[in-house]
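Report on the following structure.
The values are calculated or read from the model by the stated rules, or taken from the named source; none is laboratory data. Given the structure is predicted, the values throughout are model-derived calculations rather than measurements. Neighbour counts are summed over all protein chains in view; Cβ atoms, including those assigned to glycine, are modelled from backbone coordinates with ideal geometry. The protein model used for the area step is the full one, side chains on, heavy atoms only, and it has no ligands, DNA or RNA in it. Shrake-Rupley method; radii C 1.70, N 1.55, O 1.52, S 1.80 Å.
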Amino acid sequence: MKLKQIYTLLTAAGLLLMLSLTASGANRSGVHIQVDGRHLEAPGAYISQEGATMVPLRAVAEALGCEVTWDPVTRTVSIVSPERPSEEESAPQYDALVVLDPGHGGEANGAEYGGVKEKDLNLAIAKRAASLLSQAGIQVVMTRVDDADVGLYERSAIANEWEADLFVSVHCNANVDHDDVTGIYTCAYAQGTNGWRLAQLLHQTMREATGADDFGMEERPNLAVLRTSLMPAALVECGFMSTASELARLTDPAYQDQLAQGIADGVLAYLAQ
């Protein structure tokens with residue numbers, strides 16, 4: 001008894017599949033066919049005297065859900081793969097408007113270490129997050145898109161006027177007493193609110209996207225942007241500029257992409273609830 005294992009790669013109309021063909025038998029004529037691990041009945045399959053494995057195309061194609069037609073005039077076999085939903089049809093659809101607030105701006109630099117200004121980091125990260133959310137079908141409004149002065153109460157007023165579904169303020173942290181503190185920090189007006197749930201999700205997804213340390217969560221009813229927003233609102237601190245190792249990460253565009261991904265993931269997770 002001789003056993004022959006043949007792997008054939010079939011590409012048809014964008015369909016890429018692996019077929020496992022096992023041939024056995026003293027007369028080299030018996031062929032057992034598996035498609036995606038399932039046995040396929042194909043009585044016409046055989047192994048030629050030259051050792052070539054011959055499998056009926058129709059049997060395999062139809063097993064994969066394809067439509068097979070034969071044109072006797074042109075002697076042409078046509079294989080059409082099953083219809084698949086387009087990426088637009090399969091992607092989740094969100095009917096939501098989110099306001100992203102890059103903290104500080106203009107004359108308000110925020111924290112500044114090693115010549116790096118917080119306002120610039122906040123804007124870079126928020127812009128990346130806005131792009132990701134837009135790609136997911138979210139309407140995004142930013143309180144600033146350049147180095148502009150935006151009043152503290154003007155930020156939440158923008159969100160309120162747009163009747164936004166969510167408000168996320170983006171910042172970077174600093175600690176004047178310790179130069180070794182690291183981690184993601186998020187806060188909301190109060191526990192038990194929708195804003196707190198948003199902050200929880202952002203805390204989780206930002207840490208998952210970056211691998212950053214956990215600096216915890218906190219109620220911050222004193223923060224104007226959280227207190228005056230009429231929709232669920234959260235503030236995220238992406239890391240500590242006062243810690244040299246974390247500042248190096250915060251200025252790295254690749255790490256900014258990870259932070260932005262975490263923010264976008266948290267927003268989408270909230271909207272998907």
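Tabulated data
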read-out: Subset of the stretch 132-148 (residues that are of a type in the set (Gly, Ala, Ser) and within 22 Å of residue 104 (Cα to Cα)); value: 148
read-out: Subset of the stretch 117-153 (residues that are among the charged types (D, E, K, R) and part of a helix (DSSP H, G or I)); value: 118, 119, 120, 127, 128
read-out: From 206, 217, residue being touching a helix residue (DSSP H, G or I) at 6+ places or on another chain (Cβ under 7 Å), of a type in the set (A, V, I, L, M) and open to solvent by 30 Å² or more (accessible area, probe 1.4 Å); value: 217
read-out: Residue in the stretch 103-113 that is farther than 16 Å from residue 230 by Cα, aliphatic (A, V, I, L, M) and assigned to a strand (DSSP E or B) present; value: yes
read-out: Test for residue 74: is it of a type in the set (Ser, Thr, Tyr) and open to solvent by less than 20 Å² (accessible area, probe 1.4 Å); value: no
read-out: The stretch 227-242: number of residues that are open to solvent by less than 10 Å² (accessible area, probe 1.4 Å) and more than 24 Å from the chain's Cα centre (by Cα); value: 2
read-out: Any pair with Cβ under 7 angstrom, 6 or more apart, that starts in the stretch 151-166 at a residue that is in contact (Cβ under 8 Å) with a residue 12 or more places away in the chain and under 13 Å from residue 223 (Cα atoms) and ends at one that is of a type in the set (Asp, Glu) and buried (at least 17 other Cβ atoms within 10 Å of the Cβ); value: 155/101
read-out: Single condition residue 109 does not satisfy, out of (1) at pLDDT 80 or above; (2) on the phi < 0 side of the Ramachandran plot; (3) open to solvent by 50 Å² or more (accessible area, probe 1.4 Å); value: (3)
read-out: Members of the stretch 254-264 found to be open to solvent by 60 Å² or more (accessible area, probe 1.4 Å) and in contact (Cβ under 8 Å) with a residue 60 or more places away in the chain, listed by number; value: 257, 261
